[in-house]
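In what follows, a structure is listed as structure tokens, so that the remarks can point back to it.
The values are calculated or read from the model by the stated rules, or taken from the named source; none is laboratory data. Computed from a predicted model, the values in this text were never measured in an experiment. Neighbour counts run over all protein chains shown; Cβ positions are idealised from the backbone, glycine included. Ligands, DNA and RNA are excluded from the accessible area calculation, which covers all protein heavy atoms including side chains. Shrake-Rupley method; radii C 1.70, N 1.55, O 1.52, S 1.80 Å.
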Amino acid sequence: MPSINWDTVATAAATAIFVTLAVEYAAKPRLEARKERILAAHRSRRDLAVAVRGIAVTSAFLALDLPKDAAGDVRAQLLAERARKHEQMRDQAQAMFDLVDSHAATYPGWVMESVMSYITTVQGVMLSARTQHDKACLIRDLSQQMAVIVDARILRPIAFMNARAGLDALVAKTHERDGEPNPVPATRRG
């Protein structure tokens, strides 16, 4: 009959207890905190993508021209809906602007710059003296480019780079006054 070496069993039990306690009290809190940061970053990215698509849809509706042959009551309803959508677009822009730091911080440097540029430009367009139609057209175009940037960075690099160049061109267009470019400091590194 085999004999049991109790010293080996005690050593194995002590090692198991020590490792379990070390992982539980030393490593696990940091791993849980890291997991929460990663989940918060993914949630923020997802929220930004939803916000970009939402404001794109709203601005696309506002960019449409009213039908010329609309009857009086239909025209009044369309104008009321446009006013409601304009308020919705303003609220969407403000909500993105209020969270610009948390949205932008989840991306690497050059994408972060694009996110910040997009959000601040949309807010600037909403605060500008442009007509509602011009605001809607500009925000629609900006949002179409930004949707590609936040959705397809790795999967479609050429589309991403084209969208980034298109976003930069549209941002520069928003700084023009009466056909003259307004000097904007270049912050893009690459």
Quiz prompt | Relative contact order computed over the stretch 66-146 (Cα-Cα under 8 Å; 6+ residues apart), in percent | solution = 24 percent
Quiz item: Which lysines, on any chain, are close to K173 with Cα under 26 Å apart, when same-chain ones fewer than 8 places away are left out?
Solution: K85, K135
Quiz item: Short version: what are the Cα gyration tensor semi-axes of the chain, square root of 5 times each eigenvalue, largest first, in whole Å?
Solution: 53, 21, 14
Self-check item: Per-peptide average of other Cβ atoms within 10 Å, ordering 113-123, 55-65 highest first
Solution: 113-123, 55-65
Exercise. Run the accessible area of the chain with a 1.4 Å probe and give the carbon-and-sulfur part as a rounded percent.
Key: 62 percent
Practice problem: Would you kindly state how much longer the chain becomes between A165 and D65 on full extension, computed as 0.36 nm times their sequence separation minus their alpha carbon distance, in nm to one decimal? | Solution: 33.2 nm
Practice problem: Using a 1.4 angstrom probe, figure out how much accessible area the stretch 15-176 has per residue, in square angstrom, rounded to the nearest whole. | Solution: 58 Å²
Exercise. Determine the calculated [θ] at 222 nm for the chain from helices alone, applying -39500 (n - 2.57) to every DSSP H run no shorter than 4 residues and normalising by the residue count; nearest 500 deg cm²/dmol.
Key: -26000 deg cm²/dmol
